[in-house]
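What follows is a set of notes on a single structure, which appears directly below.
Values in this text are rule-based calculations from the coordinates and carry no lab data. These numbers were taken from a predicted model, which means no experiment stands behind them. Reconstructed Cβ throughout: ideal geometry from the backbone, glycine too, with neighbour counts over all protein chains shown.
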Number of protein chains: 2
Amino acid sequence: MKDVAEHARVSVSTVSYVLNDSGPVAPERRNRVLDAVRVLEYSPNESARSLKRRSASTIGLVVPELTNQFFATVAEGVQKAASARDVLVVLCVPDATGQPEESHAKLLRGQRLDGVVFLSGTGTLPASILELSRFGPVVLVDEQIPGFDLPAVACDSRRGAREVARHVLDQGHRRIAVISGPSALWTAQQRLAGYREAVAGAGMDPDEVPILVGDYRQASGTALADQALSRPVAQRPTALLCANDLMAIGALEYCKSAGIRVPEDVSIVGFDDLPLSSLITPRLTTVRQPAHDMGYKAVTALFDLLENKESELLGLLPTTVQLRDSVAPPPAGSP
Amino acid sequence: MKDVAEHARVSVSTVSYVLNDSGPVAPERRNRVLDAVRVLEYSPNESARSLKRRSASTIGLVVPELTNQFFATVAEGVQKAASARDVLVVLCVPDATGQPEESHAKLLRGQRLDGVVFLSGTGTLPASILELSRFGPVVLVDEQIPGFDLPAVACDSRRGAREVARHVLDQGHRRIAVISGPSALWTAQQRLAGYREAVAGAGMDPDEVPILVGDYRQASGTALADQALSRPVAQRPTALLCANDLMAIGALEYCKSAGIRVPEDVSIVGFDDLPLSSLITPRLTTVRQPAHDMGYKAVTALFDLLENKESELLGLLPTTVQLRDSVAPPPAGSP
DNA sequence: TTGTAGGCGTTATCAG
DNA sequence: CTGATAACGCCTACAA
């Protein structure tokens, strides 16, 4: 920067004024500065800037795994929103082993990050998030922590679950099983609640619907489908409500290997609308979440927070049921 | 830091010595410092550190899109390798619109990033990469720029392509078409070369194999499959060699909609082994690339570069053919 | 073994 | 409108 100042025959402060237009500069000298910048290919040292401004123009994105396309989509939304503000996004994939408490908190403590977008997804411990939020603003995506209202951007899982369940019930299904997500997760609770509402709405007793608790991963869908469907045909559920697509796909795999036809013998629905869900056979009936939007909005909310703007982004984003091929009326002869 | 020094009744330099063990400190005073750190929850300001050390302990990861699982997997490898070194990863998804030259170069210029791992994938302009590499070390993943040997971590696409093509030929296929990737891309060239080698190896003339050039995206697979297969059955290819899985999936979609059975009427192979490729029906025969490894190795190479270690990671990583259901012998009666 | 002081590249304050 | 100058928080000779 000193070089630029010399080259332009002005003082460093003038250079600074020009670069941030933070002060009045005579047009002629401003041009001299701009020229010098170009000639010398100067660009300001961002570390020094952060040091002085006490802000890093960088946010963190905590995500359990990128290979899950839902997370990847949210991440893209986050990235877009951040780069629209000229802010960098640091990718944090918490190590499965080890104390998340520490590793997360370290992120914000060094002041390299101004805030964090937290995608808890497969059930990180609330403790580690709370710890993190002591050191700076944190916005949760797709999850909430009941009792601690951290700012969160989520969507109306409950409504989506209710609607997709209603669709299944409307087809005539009465023997239904739920493959739920980890019960500690808000989304899993919401979806379950939605399913139960629909069941109640159809005049059935929600308590009679078997709930199998999975972990949102494909393998658990397979295992639980086995568990749900391994019984005499007359008692076997004719529809499986899966709390996410990955488990639904696992269930589909199970059915394929067990010779159970979908949707002829059993209907299956998922939740998330992963891109691959419309590629598999049968195409999965599911609930679309605005994943990209959620990421984008989370960043917006984070910046509002950083500027004390008190933006309550608490309104839930809408979900939309995607009707596809994995649902059909129950086989003839089932009650 | 001054606070810590006061609390521990030592000088700031002692604190610094302790924190980096960059100087001898009496055990008793060291403990006092460590205590103070804990009590005050002190952690060093990383911006100041970077400023002084002229290195940010941060690398950039440029990736065309995260929703592509191949990229996501590489990204996870990058993340792992970086966090093993306590280095942050900044996610850069170049804006489709706008000058990549500028936006990329900006990354390294501000010295917030020590280096960049560049995942060119769907064909970013070499110019923008070259521009970037003027300002700091850049390691390419999965691509090379012929003529400019930038350090690159890639895998042996050519061999994989040759082997999978040979498998198809071994099944008896003789009317074959290739759905290739963008001809500017090294991977596309390599794969095409591999296919041609296999064809020549089977005693056929490679120049008689029709080459349809796609863009590695699903839609182009669909369109080109249409083009390749819309002809009298007697002349229609019995096998499609697709240069990546996405296009193979597109081709599969086309076949499904056109009532062409895979693999009974036409065999299809892909390249990449995306997780979803074994989920679709029929399960796709394809070539696995060590995506995670490539990401990991790229970071290793980048750090070697940063330390002038001259690590030539030019050895190509191995690929492995995944035999699955989308290939069968050609229909009876085809030459 | 410990402390003091200077500087890393910017920005902001305050005289001119 | 412009230019010295003092921080920002840390590291590191160098001196004690």
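Only aspartates and glutamates eight or more places from A:LYS256 in sequence, or on another chain, were considered; those with a Cα closer than 17 Å are A:ASP226, A:ASP245, A:GLU264, A:ASP265, A:ASP325, B:ASP325.
By the Kirkwood approach, averaging reciprocal distances over each pair of separate Cα atoms, the stretch A:1-83 gets a hydrodynamic radius of 15.4 Å.
With the largest listed first and rounded to whole Å, the semi-axes of the equivalent ellipsoid of the stretch A:2-44 from the Cα gyration tensor are 14, 10, 9. A DSSP coil position with no more than 14 other Cβ atoms inside 10 Å describes the following trypsin sites (Lys or Arg not before Pro) in the stretch B:69-170: B:ARG85, B:ARG134. Only aspartates and glutamates eight or more places from A:LYS80 in sequence, or on another chain, were considered; those with a Cα closer than 13 Å are A:ASP293, B:GLU65, B:ASP95. For the segment B:87-96, counting C-beta atoms of other chains within 10 Å of every residue's C-beta and taking the mean gives 5. Charge tally for B:GLU208 (other residues, Cβ to Cβ under 11 Å; Lys, Arg +1; Asp, Glu -1): +1. Quick one: in the stretch B:172-238, what % of C-alpha pairs are over 15 Å apart? Within the stretch B:172-238, distances greater than 15 Å cover 54 percent of Cα pairs.
Distances, shortest first, from the label point of B:LEU40 to those at the same position in the other copies read 3.6 nm; the point lies 7 Å along Cα to C-beta. Net charge of the neighbourhood of A:LYS80, taken over other residues with C-beta under 15 Å away and scored Lys/Arg +1, Asp/Glu -1, is -3. The ranking of A:SER220, B:SER13, B:SER47 from fewest to most other beta carbons within 10 Å of each one's beta carbon is B:SER13, A:SER220, B:SER47. When the Gaussian network model of chain A links Cα atoms closer than 10 Å, the mean-square fluctuations of A:ALA234, A:ALA200, A:ALA36 top out at A:ALA36. Distances between copies of B:ALA84, taken at a point 7 Å out from Cα along the Cα→Cβ vector and listed shortest first: 3.8 nm. Among A:LEU19, A:LEU246, A:LEU51, which one shows the highest mean-square fluctuation when chain A is modelled as a Gaussian network with alpha-carbon springs under 10 Å? It is A:LEU19. Near B:VAL287, the amide H atoms lying under 5 Å from its own belong to B:GLY270, B:PHE271, B:ASP272, B:ASP273, B:GLN322; only residues 5 or more places off or on other chains count, and H is placed 1.01 Å from N. Between the stretch A:214-284 and the stretch A:32-72, the C-alpha centres lie 44 angstrom from each other. Dividing the C-alpha radius of gyration of the protein assembly as shown by 2.2 N^0.38 Å, with N its residue count, gives 1.08. Looking at the stretch B:243-335, the trypsin sites (Lys or Arg not before Pro) that sit in a DSSP loop and have at most 11 other Cβ atoms within 10 Å of their own Cβ are B:LYS309. When Cβ neighbours within 10 Å are restricted to other protein chains, what is their mean count per residue of peptide A:184-192? Average neighbour count from other chains, rounded to a whole number: 0.
In units of the compact-protein estimate 2.2 N^0.38 Å, the stretch B:157-289 shows a Cα radius of gyration of 0.92. Lys and Arg at +1, Asp and Glu at -1: add these up for the other residues within a Cβ distance under 15 Å of B:PHE148 and post the number. Around B:PHE148, the charge tally is -2. Pairwise Cα distances in chain A exceed 29 Å for 49 percent of all pairs. Helix B:27-40 and the longest principal axis of the C-alpha atoms of chain B enclose an angle of approximately 70°. What separates the A:GLY333 label point from its copies, with the point 7 Å along Cα to Cβ, is 3.9 nm, written shortest first. Largest mean-square fluctuation among A:ASP265, A:ASP273, A:ASP114, in a Gaussian network model of chain A whose springs join Cα atoms under 10 Å apart, belongs to A:ASP265.
Applying both filters, DSSP loop and at most 10 other Cβ atoms within 10 Å, to the GluC sites (Glu not before Pro) of the stretch B:1-86 gives B:GLU41. Entry note, chain B: relative contact order of 17 percent, from Cα contacts under 8 Å with a spacing of 6+ residues.
Shielding value for B:41-50 is 6, the average number of Cβ atoms from other chains within 10 Å of each residue's Cβ.
In this structure the amide hydrogen of B:LEU88, modeled in the peptide plane, comes within under 5 Å of the amide hydrogens of B:THR58, B:ILE59, none closer than 5 places in sequence on its chain. For the stretch A:110-209, a Kirkwood hydrodynamic radius built from all Cα pairs, placed in the Stokes-Einstein relation at 20 °C and 1.002 mPa s, yields a translational diffusion coefficient of 142 µm²/s.
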